[in-house]
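Structure record follows, encoded as structure tokens.
Here, each number is a calculation from the coordinates, and none is a lab measurement. All values derive from a computational prediction rather than experimental measurement. Virtual Cβ from ideal backbone geometry, glycine too; neighbours counted across all protein chains shown.
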Amino acid sequence: MGVEVRDIALIIDGWEADRWATQISALVPDRSVYLWPEIDHPSEIAYGVVWKPQPGALAKLPNLKAVFNLGAGVDFLFKDPDLPDVPIVRVVDDSLTTPMSEYIACQVLLHHRQHLTYAAQQRAGQWRERRQPFARDVTVGILGFGTLGHDAADKLLALGFNVRGWSRSKKHHDQVESFAGKEGLEDFLAGTDILVSLLPATPETRHMIDRQFLNKLRPDGPLGGPSFINAGRGDSQVESDILDALDAGELRGASLDVFETEPLDPASPFWHHERVIITPHAAAATDRKAISAYVYDRIIAFEAGKPLAPLADPAKGY
Ligand code: NDP
Ligand code: OXD
């Protein structure tokens, strides 16, 4: 009689791997949950539950049926040259989407309400009111108008901003102007006052946001110049160019949650830059309880014959 292939391997780089194991084991008391590298019966593993797995680790599981990535971004997985050809499920869940929209609304409002200027005035003991434009006169442009971008757009619209989105394929949204592909990029940037990047890290998006790119944003909008917010991936930005654009006054401010190298180097000039707000890749943290249940629900549905979703597309890299 053949062995039953239904067990789970957790391959998690740091990030409280043992707590994930406890949470997921509690949901599936009838099957074995192994924590990499201690996997006793690799041929009985059906599912890999991963975050930044070591390249080659998944290839050691010969009967793998699917991989569940514990975040929305799958770029770490696609860097594995031995990645098995199985469906890769990524996270699309309110527990991630809602906090991301909170982060974006918060940062957009900080730039819109000129918080960096008031913070500098406070440090200088200066009482001076600035002219405050209306949200309806400010345009927020979302680079990477996908799952997270759509939710953020709806929340920014509720605050009164104009919103536009840029993606590979054209979208249809009643109140958001959609721009697509390289041919739509210049027009998208030319009308944007606050740029929000939610782009995934792929070979195509790598280092896309450089000084030339930032210089295409609307220079003379109601806030007196553009601001940049990145909550997608640091790989898409050229960090020295962001600093140069800030120092040259081409960019009024930046909120950066993601960096090319994380954690950010203690010597980085971003830490002490007056026009920069830094958060430690915390725009939307994965909620262990919610995402363990998310993985469990999909395994049960898959074993009942339902298709796995939402899947990352290896051809697109996200
Ligand atoms: P989606 O896949 O739903 O959206 C990605 C969007 O980017 C899509 O609209 C896609 O276009 C667009 N896109 C990708 N490549 C290109 C390109 N070359 N040119 C133009 N548009 C492009 O992902 P999510 O919205 O769920 O997540 C976005 C990213 O956010 C994740 O990949 C992850 O890196 C990051 N993230 C960061 C977190 C944090 O804490 N900072 C937390 C969670 C996610 P199209 O729609 O046409 O395919
Ligand atoms: C990510 C996430 O992809 O936290 O960054 O989901």
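Observations on the structure shown:
- Filter result for the condition that a residue is within 13 Å of ligand 1 (Cβ to nearest atom) and more than 28 Å from Glu274 (Cβ to Cβ), over Gly141, Gly149: Gly149
- Check on Val258, of a type in the set (Val, Ile, Thr), outside any helix (DSSP H, G or I) and within 15 Å of ligand 2 (Cβ to nearest atom): yes
- Pair list, Cβ < 9 Å and 6+ apart or interchain, from region 203-215 residues that are over 18 Å from Arg168 (Cβ atoms) to residues that are within 16 Å of ligand 2 (Cβ to nearest atom): Asp210/Gln237
- Subset of region 151-185 (residues that are within 17 Å of Ala231 (Cα to Cα) and in contact with a Lys or Arg (Cβ under 8 Å, 6 or more places away or on another chain)): Gly165
- Within region 198-232, considering residues that are within 16 Å of ligand 2 (Cβ to nearest atom) and crowded, with 24+ Cβ neighbours inside 10 Å, the one farthest from the chain's Cα centre (by Cα): Ile229
- Candidates Leu243, Leu251, Leu256, filtered to the one that is in contact with a helix residue (DSSP H, G or I) (Cβ under 7 Å, 6 or more places away or on another chain) and buried (at least 19 other Cβ atoms within 10 Å of the Cβ): Leu251
Residue-wise test of (1) of a type in the set (A, V, I, L, M, F, W, C); (2) more than 14 Å from ligand 2 (Cβ to nearest atom).
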residue: Val67; (1), (2): yes, yes
residue: Val74; (1), (2): yes, no
residue: Leu110; (1), (2): yes, yes
residue: Thr117; (1), (2): no, yes
residue: Gln122; (1), (2): no, yes
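- Close contacts from region 155-171, counting a first residue that is more than 24 Å from Pro133 (Cα to Cα) and a second that is among the small types (Gly, Ala, Ser) and within 15 Å of ligand 1 (Cβ to nearest atom), with Cβ to Cβ under 6 Å and a gap of 6+ residues or different chains, come to Ser167/Ala180; Ser169/Ala180; Lys170/Ser178; Lys170/Ala180; Lys171/Ser178.
- Subset tally (residues that are basic (Lys, Arg) and in a helix (DSSP H, G or I)) for region 124-136: 1
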